[in-house]
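Colleague: The following block contains the structure, expressed as structure tokens.
Any read-out appearing in this document is the output of simple, stated calculations on the displayed coordinates, not a laboratory observation. All figures in this text were calculated on a predicted structure; none of them were measured in a lab. When we count neighbours, we look across all protein chains shown, and the Cβ atoms used for this are built from the backbone with ideal geometry, even at glycine.
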Amino acid sequence: DAGITQSPRHKVTETGTPVTLRCHQTENHRYMYWYRQDPGHGLRLIHYSYGVKDTDKGEVSDGYSVSRSKTEDFLLTLESATSSQTSVYFCAIRGGGRGPTYTQYFGPGTRLTVL
Amino acid sequence: AQTVTQSQPEMSVQEAETVTLSCTYDTSESDYYLFWYKQPPSRQMILVIRQEAYKQQNATENRFSVNFQKAAKSFSLKISDSQLGDAAMYFCAYRSGGGGSQGNLIFGKGTKLSVKP
């Protein structure tokens, strides 16, 4: 199993509060991703990183920011949480190159509830 | 833009029987990868099988195999000898063979598979 952890695993917060989710990997992979999963939508990409301090937006990036100051950590921040951001958040990683290293492996997910 | 469609929101299979989950995709690219991920009630996303578009041979992993029809842009998953532990949500995903943002996964909406004892 790929060494990916997410913290916290569950969080309940109130509208308007800041929230930071952490993804930590032990694989030294270059690429890291944040997705959200909602019923009827599958997984949708929020932001991704292709190296330390190198990030870019995904399909549903509004209301989210990310940072990557170390290879192993990728942080997702909700500056002011809203109820529409209630979701399950997944981190994923992949290596570079072709073949199996192109495969993304996922963390265990974080369930976030915004009241 | 690429899209992935899973037309079966739910499916059911009897234990020990065979079931096929459908997936179609739309792309103008020739170099890409396709994946099936399984998500059991534990919520963990687990890679089931992957297929490189340049390979004509269909991928297999034990009881799981795919029927990859490149011209038809179809990528179905066959589960043989279904087991109770196969009950899960299954997601089909596409990624371009290129680097950068072209390498991001595009997911279908999923098929929920139930296995009856």
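Colleague: Can you give me the long-range amide H partners of A:Thr86? Hydrogens built in the peptide plane at 1.01 Å from N, cutoff under 5 Å, separation of 5 or more residues or another chain.
Modeller: The list, which skips near neighbours in sequence, is A:Val114.
Colleague: Another question, if that's okay. On a 20 Å Cα-Cα criterion, which of the cross-link pairs B:Lys55/B:Lys112; B:Lys78/B:Lys112; A:Lys11/A:Lys70; B:Lys78/B:Lys109; A:Lys57/B:Lys112 come out too long?
Modeller: Violating the 20 Å limit, Cα to Cα: B:Lys55/B:Lys112; A:Lys11/A:Lys70; A:Lys57/B:Lys112.
Colleague: May I pose another question? Apply the Karplus curve 6.51 cos²θ - 1.76 cosθ + 1.60, θ = phi - 60°, to the phi angles in segment A:68-74 and return the couplings in whole Hz, x for Gly and Pro.
Modeller: Coupling constants for segment A:68-74: 9, 9, 9, 3, 7, 10, 9 Hz.
Colleague: Could you sort the peptides A:46-56, B:51-61, B:103-113 by per-residue average Cβ neighbour count (10 Å cutoff), highest mean leading?
Modeller: B:103-113, A:46-56, B:51-61
Colleague: Pull up all non-local amide H partners of A:Tyr31: gap of 5 or more, or a different chain, and H-to-H distance under 5 Å with H placed in the peptide plane.
Modeller: A:Arg94
Colleague: Another question about this same structure. 5 Å is the cut-off here: which amide hydrogens, built 1.01 Å from N in the peptide plane, fall below it relative to B:Tyr32, excluding neighbours closer than 5 in sequence?
Modeller: Hits under the 5 Å cutoff: B:Ala53, B:Tyr54, B:Gly97.
Colleague: From Cα coordinates alone, what are the radius of gyration and Dmax values for the protein assembly as shown in angstrom?
Modeller: For the protein assembly as shown, the Cα radius of gyration and maximum Cα-Cα distance read 17.6, 52 Å.
Colleague: Across the Cα atoms of segment A:4-114, what radius of gyration and what greatest pairwise Cα-Cα distance (Dmax) are found, in Å?
Modeller: That works out to 13.3, 43 Å for Rg and Dmax.
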